Amino acid sequence: MRKIFTIVGARPQIIKAAAISRQVRTVFKDRIQESIVHTGQHYDENMSQIFFDEMEIPKPDFNLNIGSGSHGSQTAKMIEGIEKLLLEHKPDALLIYGDTNSTLAGALAASKIHIPVVHIEAGLRSFNKSMPEEINRILADNVSTLLFSPTKTGYKNLLREGFEDTEKSGRKKFDKDHRGIFHCGDVMYDNTLFFAEMAEKKSAVLKQNNLVPDNFVLVTIHRDSNTDNPERLTAILEALNEISVEQNIDMILPLHPRTLKMMNGDAYSAIYDLIKKNKRIKIIPPASFFDMIVLEKNSSLIITDSGGVQKEAYFFKKPSIVLRPETEWKEIAENGAAIIADADKQKIKTAYDYFSTKKDLNFPAVFGDGKAAEFICNKMLETL
């Protein structure tokens, strides 16, 4: 029996972990034993606990209850807590997801005491090191033993950075000096296929908000580069306000607590007053996973600064406007399904105009076959 620890801390990681946990509970229950460690990075119940309940993920075996803080203090507390658990329980491997502070903390804690690190979503690069997530990705990749990339672009990024080409090497076993890199597909695509039908049955979000399928825009804004910058957030909100009025289109914003806090500040009072008076724009609390699936699946277009939401838009064949200067999901933009508009009001409006008339978009299958989690579990058993 192979014993693994899974690190989660932010809600996207909880969702991604569901795919692996589901495989462990069913296909691999006699070969893999999983313990889940929640760092507490997202401690709001709507941002965390609801995902364990709704997706029937096993409750965390350990919760570090770290909470918020500066990058340094938060990561340091996580490293300390994770290291203590690893030394006590001595798992055979540590799984990390994505690019959060929890990801980095898990990677550093395990690698320093020689526990193999398995990085799911490895190789993704925005090539913008002003993003904390980019630093976390790069550092986590460089101390991991097994690196699973959801896309071919991610795999190629790792090759450019000097990782051995596992597909050509023929190597069968891996350790801290001989790392394995794999193109596996996306565990979030696994989840989308698995949960989409269930979400339609369980979610009432469309009825609750009087939304007509294919006749509203879903908007998410959460990155601190947008929410903590008055000029950028104001430009985004002005664009949303003008599009909704000029195009007569409903918009729904499941609002991250950080964004709502910033919008209630003096720097945003004028634009926030406009948004609150605009009957076409509805602000709701953070959406549950099932609600989010239903909103994504039934929207006409998605405007977001979230990497995960960009992907999910693509899964449901919806165009997206990216509120960042770059994206780590380059395939989406290259296929014409997303436009990078940054926080430029005119670019956002122009992108909306383009997608409102463009009906022949292309969504080739670049995120795998929906069996990424099974592939990852098999490779862990075969190669560690």
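Summary of values
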| item | result |
| --- | --- |
| Flag for Ser68 being assigned to a loop (DSSP other than H, G, I, E, B), over 30 Å from Asn157 (Cβ atoms) and of a type outside the set (Lys, Arg) | yes |
| Which listed residue, of Glu296, Glu312, Glu334, Glu326, is farther than 27 Å from Asn210 by Cα, charged (D, E, K, R) and in contact (Cβ under 8 Å) with a residue 60 or more places away in the chain | Glu326 |
| Residue count, the range 123-174 (criterion: part of a loop (DSSP other than H, G, I, E, B) and closer than 20 Å to Ala365 by Cβ) | 4 |
| Near pairs, Cβ below 7 angstrom, 6+ apart or cross-chain, from the range 138-157 (assigned by TED's automatic domain parsing to the domain that holds Gly98) to any residue that is in a helix (DSSP H, G or I) and modelled with pLDDT under 95 | Thr151/Glu331; Thr153/Lys330; Thr153/Glu331 |
| Top-ranked residue in the range 8-29 [being within 19 Å of Phe62 (Cα to Cα) and without any contact (Cβ under 8 Å) to a residue 40 or more places away in the chain; ranked as nearest to the chain's Cα centre (by Cα)] | Ser21 |
| Single residue of the range 269-289 satisfying the filter (hydroxyl-bearing (Ser, Thr, Tyr) and crowded, with 17+ Cβ neighbours inside 10 Å) that is farthest from Ile15 (Cα to Cα) | Tyr272 |
| Subset of the range 198-240 (residues that are under 21 Å from the mean Cα position of the chain (by Cα) and without any contact (Cβ under 8 Å) to a residue 60 or more places away in the chain) | Asp224, Thr227, Asp228 |
| Residue that is farthest from Thr100 (Cα to Cα) [pool: residues in the range 26-49 that are of a type in the set (D, E, K, R) and at pLDDT 90 or above] | Asp30 |
| Candidate set: the range 100-125, residues that are within 14 Å of the chain's Cα centre (by Cα) and in contact (Cβ under 8 Å) with a residue 60 or more places away in the chain; chosen: the one surrounded by the fewest Cβ atoms within 10 Å (Cβ to Cβ) | Arg125 |
| Residue in the range 255-262 that is surrounded by fewer than 18 Cβ atoms within 10 Å (Cβ to Cβ) and of a type in the set (D, E, K, R) present | yes |
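The values are calculated or read from the model by the stated rules, or taken from the named source; none is laboratory data. Please read these numbers as outputs of a predicted model, since none were measured by experiment. As a convention, Cβ positions derive from the backbone with ideal geometry for all residues, glycine included, and neighbour counts pool all protein chains shown.
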